[in-house]
There are 6 protein chains.
Amino acid sequence: MRILVVNVNTTAAITHTIAEQARSVAAPGTEIVGLTPRFGAESVEGNFESYMAAIGVMDAVMAYDQPFDAVIQAGYGEHGREGLQELLNVPVVDITEAAASVAMLLGHAYSVVTTLDRTVPLIEDRLRLAGLYQRCASVRASGLAVLELEQDPSRAVAAIVAQAEQAVRDDKAEVICLGCGGMAGLDAMIRESTGVPVVDGVTAAVALAESLVRLGLSTSKVRTYATPRSKRVAGWPLG
Amino acid sequence: MRILVVNVNTTAAITHTIAEQARSVAAPGTEIVGLTPRFGAESVEGNFESYMAAIGVMDAVMAYDQPFDAVIQAGYGEHGREGLQELLNVPVVDITEAAASVAMLLGHAYSVVTTLDRTVPLIEDRLRLAGLYQRCASVRASGLAVLELEQDPSRAVAAIVAQAEQAVRDDKAEVICLGCGGMAGLDAMIRESTGVPVVDGVTAAVALAESLVRLGLSTSKVRTYATPRSKRVAGWPLG
Amino acid sequence: MRILVVNVNTTAAITHTIAEQARSVAAPGTEIVGLTPRFGAESVEGNFESYMAAIGVMDAVMAYDQPFDAVIQAGYGEHGREGLQELLNVPVVDITEAAASVAMLLGHAYSVVTTLDRTVPLIEDRLRLAGLYQRCASVRASGLAVLELEQDPSRAVAAIVAQAEQAVRDDKAEVICLGCGGMAGLDAMIRESTGVPVVDGVTAAVALAESLVRLGLSTSKVRTYATPRSKRVAGWPLG
Amino acid sequence: MRILVVNVNTTAAITHTIAEQARSVAAPGTEIVGLTPRFGAESVEGNFESYMAAIGVMDAVMAYDQPFDAVIQAGYGEHGREGLQELLNVPVVDITEAAASVAMLLGHAYSVVTTLDRTVPLIEDRLRLAGLYQRCASVRASGLAVLELEQDPSRAVAAIVAQAEQAVRDDKAEVICLGCGGMAGLDAMIRESTGVPVVDGVTAAVALAESLVRLGLSTSKVRTYATPRSKRVAGWPLG
Amino acid sequence: MRILVVNVNTTAAITHTIAEQARSVAAPGTEIVGLTPRFGAESVEGNFESYMAAIGVMDAVMAYDQPFDAVIQAGYGEHGREGLQELLNVPVVDITEAAASVAMLLGHAYSVVTTLDRTVPLIEDRLRLAGLYQRCASVRASGLAVLELEQDPSRAVAAIVAQAEQAVRDDKAEVICLGCGGMAGLDAMIRESTGVPVVDGVTAAVALAESLVRLGLSTSKVRTYATPRSKRVAGWPLG
Amino acid sequence: MRILVVNVNTTAAITHTIAEQARSVAAPGTEIVGLTPRFGAESVEGNFESYMAAIGVMDAVMAYDQPFDAVIQAGYGEHGREGLQELLNVPVVDITEAAASVAMLLGHAYSVVTTLDRTVPLIEDRLRLAGLYQRCASVRASGLAVLELEQDPSRAVAAIVAQAEQAVRDDKAEVICLGCGGMAGLDAMIRESTGVPVVDGVTAAVALAESLVRLGLSTSKVRTYATPRSKRVAGWPLG
């Protein structure tokens, strides 16, 4: 089985980290292919960039010329999953939704800990639309940008762990979803400091995508995610 | 005051119709400028096309080199308004939300009548996110595509009026929002046949945009719609 | 165009302030007529007084013997707008709902800052019924009564600004609605101190009322707001 | 114990019927006093009349010069209960809410059957505000006015029974609340024809009011229903 | 009239206290019979124990061989009421729901104060399912276990009163529901310290159960609570 | 990896069918162990039986004396999952929730098709509590009992397919969840007749349970699902 794991930003180093994370849980026989968009921002922290990510991800997937069995959109709180579902016949899994789905199997309420405060409403809105918000205790921000996570991991870790602790103590979260990719060991640290399970969106998405493929299930094409009607499209495909 | 009215598809004829509709209610002294995206589909009827519209509209606005006072995104149920709000300091009004806001001043419940059934969930989701869904009695589709409206107006009118009548009779709508642009006289016909007020999104948006400008109000920049942080963006601006 | 701006209390000085505020944004050609009820309390801060205001406002409007094009009910969180809509064929705009509608065009969440804590549930309930509550971050009270606002403006301003700051910082409001009339310059002070747009209900209502008139729209009469059936009514009209 | 049962309209015959209904279930030792407002409409079927009822009921209660232990507001879906709660220190029970509270003890979902379609949104809104709407399967109207119930009981019964049957069969109601007073035997007929329990608001309210008195409980005065502050009120008390 | 008041745990001393509490408000002529389950835990503080309580209570009621008119399930936030409603033709009242129903007649919002934090989600979930959660300001825990209440009443009282005070001050509760049985005088102390009405679930349930019997109402048997179909059941009735 | 798949009724033949279904999708290396409760009803179709199932399932799992890695509760809409989560340290997956979680990855809205109408509210309530109800288009019943499914498969199939077709056409479901176990080939038939993906709860639960084990995740023990406190329990363990 081949699963495309598509980064939402144009930073190849992050694609690499995400793909490695995906591989760490992939079943034997699952090949993980990391894709980096050629269109969009080096990190995604807001609606303008997130809308570009939607296009960048669709473009990266359509430009991939080998067969594949499922696609994971690996950005937290981003736009675009619905478009991919229209374009493809294989299952599409968004990591925000994957993490929440899995967290809801583990505890009565979950919180998300993410990077910048400005992305909190985006994540809340995506969870709300997905119908996965009712048991969300809170979405909390560490105040550090995506790229800062890479540059100063120890400070990032401390800030994120602090928010996770508050989520468990004040918001009564029983599970933490990690709303930022690419930090080896972060989940272990939060688990240790809070005592609650920590769900990483990328690994959760790999497990769910593999599950759908094994169950022979894919996106329903009868209404919302029907294949786009044939029409003239200017500027597409990109490049 | 200059207001940009941005079509979401690449069909210039529709831009023309929309701009004319806007002009029909604009205050003296308001200049309406119609913009057509150079990126995207000839009509927008689904998520893939709608995400392209988001980018196409932002690109069209950023490429416009004259000063302006407000922007109207003239597509029903489309993505993208949040991105424009980040990029601009002037008010941005989406016609889906404008129509619902105005309808809620006129009756206890409103319905939207739109084109294809596949766009119904997109409209519902946009209204849900906007916090304007509670008093929505229904979103109904006539079953006719955007471009068919232009080609066979009389058949389109009959199908839309029939849905509006059902919305009033069966769903208890007290106001109808027209979820499809560009049909002169359609609102008069529905009003006559149902006896309820009919709200057209484009004209409602013009009135709201002018109102915001006159009140000296624009998008809040403290959190969700803060200006994007400066970073490397591949492929942007388009073209 | 003539718009009646009806105060909800019997204090003529407040009617004067409100009408002046309305005039400050009215379009050229719009005449603002301030009306003071002859029935009800000198200030409205609770349900008993608010129900009297409902009757007082309807009476004041019905007693007005000149033609008019729209009515604004200028009380925050008060009962009565639905009754006016039944009695009249011209549009009716409530300032609580006007402010919320406009605020939702400007930011992801808004807060209301009002006078006494006891009026908070009334405001919340009116917003809930109006279907405008989902994006309300909070309704906060300064703890000062309506008439104290007039008597000690500087203390009132400080208390209100403090609540607005908390709404932005703690409740994540991106827009502030001013839930108390009649304080020149208050909105400028809050804007400066919080950095977010401030919406005044009276001016927002003027813009919306003018918009409805210009769009040729008025209350739907098919169901909830149908004209009252003819029947014997004791004690009405008042006086 | 003395309980005031206050009609919402000015028709004394209906007050008589309601009071008799109340007496039929009152405990030994409970005196039922029926009050008829001197202000308002001969029947209440909409917001204008309902707002007058709010004032009329408060006036009737304040004009009553004997001691009493509880008040029942005997109108379905009417405004005003909150005002009474501010003015009084004894418990206040609204029949719409009483019926819904009791119905929720008897089945998974309940429906209300009422008179005119135009009153349906009022009832829904009152239940929504009261926090009793979640398990409401539907509010259905027989299409007959309040006074027609009195004039042609057999036709009224047939129309109401038909709606109750539809509520059980189509809306999956397991309990019916009778949203119109004064028809002896109507509940028995509906119970027989649908097989579900039928709750009459007046008798339910008597039982609840007696319960509160016996439990030594009354309205909380700390916030929403605090006693009105002392101030000048024009035109009050009425007459 | 005979009402069974069924304890949810196997501690007879608590049954005794609960039954005495019930008797303190029962009408003359009402006989209160306290039942103690023979199956289950000595105190119920979580789902495992609560599910056993559901079975234990049903068993205790079915094993009771005298006629009775109503059943009260006297545990806060426990499972099982729906099963009893299927098995019986007389009304069943759960004290969690009884307290909330009554509280909603007294104030705009209520809070529940209970024992251990781990039971808070159970109570919230039961209120949510019952459709009584909208006006719940908070469910707060004193941190003391059920049996500790019996052992060190003065410490328990202090902890519970402290939470009630916070509920009123911080969560804006206007009524307190006592989510833990058996403490004479506790309600008086909370009322004194907070100034708000205090609702005890057991006494509220007695009043509601008596009310239903007097009104001739019982559980609807048409759908959710229909009598179980006849079938082989292993291990039932218990021992 | 060993997964216990626990039937909720005492009919061993159904346990056999369920276990076979589970094995059909289990990964190589996953051992499926089917357990049949020794307490409870031969089929579960209502709350009384469902509460017995809760106890029967917990008993069956606690009586199992070999190590295991996850538990699946294989009843649609049944009580009990929360109790198991308290008692165990390995993950617990309920098939109702598993099916809904997976369905939400495949379409905008899903419907459940189940057996008897009386079980519909149980399923709706379990989905509501689980926070998975927002995107549920409907829960529909075929009108056939669990054991009839086994006895007359072809009639059962026709009734279930008919409901699935209505769910897609009238309720706008894009995915069907099969709310009844044990019918080989039923999902293929529904898929063919409706054109939408069909999710079987048992196989979905196997995939999710395996996923949780592989991801090293299990139930959070900090609050709701903390291990029960040590106390005296009468009649437990059963037998």
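The values are calculated or read from the model by the stated rules, or taken from the named source; none is laboratory data. Only a predicted model underlies this, so the values are computations on that prediction, with no experimental measurement involved. As a convention, Cβ positions derive from the backbone with ideal geometry for all residues, glycine included, and neighbour counts pool all protein chains shown. Note: accessible area is taken over every heavy atom of the protein model, side chains too, but ligands, DNA and RNA are not part of it. Shrake-Rupley method; radii C 1.70, N 1.55, O 1.52, S 1.80 Å.
Name the single residue that is surrounded by the most Cβ atoms within 10 Å (Cβ to Cβ) among those in the stretch C:192-203 being outside any loop (DSSP other than H, G, I, E, B) and within 7 Å of another protein chain (Cβ to nearest Cβ). The qualifying residue surrounded by the most Cβ atoms within 10 Å (Cβ to Cβ) is C:Val199. Of the residues making up the stretch C:180-191, not a single one is β-branched (Val, Ile, Thr), assigned to a strand (DSSP E or B) and open to solvent by less than 10 Å² (accessible area, probe 1.4 Å). Among what's in the stretch A:83-94 and is open to solvent by less than 10 Å² (accessible area, probe 1.4 Å) and out of contact with any Leu (no Cβ under 8 Å at 6 or more places or on another chain), pick the residue that is nearest to F:Leu106 (Cα to Cα). My answer is A:Gln85. So D:Val161 passes all but one of these: (1) of a type outside the set (Phe, Trp, Tyr); (2) surrounded by 23 or more Cβ atoms within 10 Å (Cβ to Cβ); (3) not in a strand (DSSP E or B). Which condition number does it fail? That leaves (2) as the condition not met. The residue that is nearest to E:Val25 (Cα to Cα), counting only those in the stretch D:210-235 that are open to solvent by less than 50 Å² (accessible area, probe 1.4 Å) and more than 10 Å from chain E (Cβ to nearest Cβ), is D:Pro228.
Only one entry of F:Ala207, F:Ala167, F:Ala173 meets the criterion of being within 13 Å of chain A (Cβ to nearest Cβ), over 27 Å from F:Ile55 (Cβ atoms), in contact with a strand residue (DSSP E or B) (Cβ under 8 Å, 6 or more places away or on another chain) and not in a loop (DSSP other than H, G, I, E, B), and that entry is F:Ala167.
Filter the stretch E:60-81 for residues that are touching a strand residue (DSSP E or B) at 6+ places or on another chain (Cβ under 9 Å) and of a type in the set (D, E, K, R) and give the result. Scanning the stretch E:60-81 gives E:Asp69, E:Glu78, E:Arg81. Taken over the stretch B:35-79, the residue count meeting the criterion of being within 13 Å of the chain's Cα centre (by Cα) and either within 23 Å of A:Leu122 (Cα to Cα) or more than 14 Å from chain A (Cβ to nearest Cβ) (or both) is 13. Of everything in the stretch B:73-82 that is on the phi < 0 side of the Ramachandran plot and touching a residue at least 24 places away in the same chain (Cβ under 8 Å), the residue that is surrounded by the fewest Cβ atoms within 10 Å (Cβ to Cβ) is B:Glu82.
Look at (1) closer than 18 Å to E:Glu97 by Cα; (2) in contact (Cβ under 8 Å) with a residue 24 or more places away in the chain and you find that D:Ile95 fails only one, number (1). May I ask you to verify whether C:Leu127 is in a loop (DSSP other than H, G, I, E, B), closer than 25 Å to B:Glu97 by Cβ and in contact with a helix residue (DSSP H, G or I) (Cβ under 8 Å, 6 or more places away or on another chain)? So C:Leu127 does not fit the description; no.
Against the conditions (1) assigned by the TED database to the domain that holds F:Ser111; (2) under 19 Å from F:Ala99 (Cα atoms), F:Glu210 satisfies every one except (1). Could you check the stretch D:53-70 and list, in sequence order, the residues that are open to solvent by less than 10 Å² (accessible area, probe 1.4 Å) and closer than 23 Å to C:Ala53 by Cα? Scanning the stretch D:53-70 gives D:Ala53, D:Ala54, D:Ile55, D:Gly56, D:Val57, D:Met58, D:Asp59, D:Val61. The set of residues from the stretch D:110-147 being within 23 Å of E:Leu217 (Cα to Cα), crowded, with 24+ Cβ neighbours inside 10 Å and facing another protein chain (nearest Cβ under 8 Å) comprises just one member, D:Leu132.
Inside the stretch B:7-43, can you point out the residues that are farther than 21 Å from B:Ala209 by Cβ and either open to solvent by less than 10 Å² (accessible area, probe 1.4 Å) or not basic (Lys, Arg) (or both)?
The answer is B:Thr10, B:Thr11, B:Ala12, B:Ala13, B:Phe39, B:Gly40, B:Ala41, B:Glu42, B:Ser43.
With respect to E:Leu88, determine if the residue is modelled with pLDDT under 95 and more than 9 Å from chain D (Cβ to nearest Cβ).
No.
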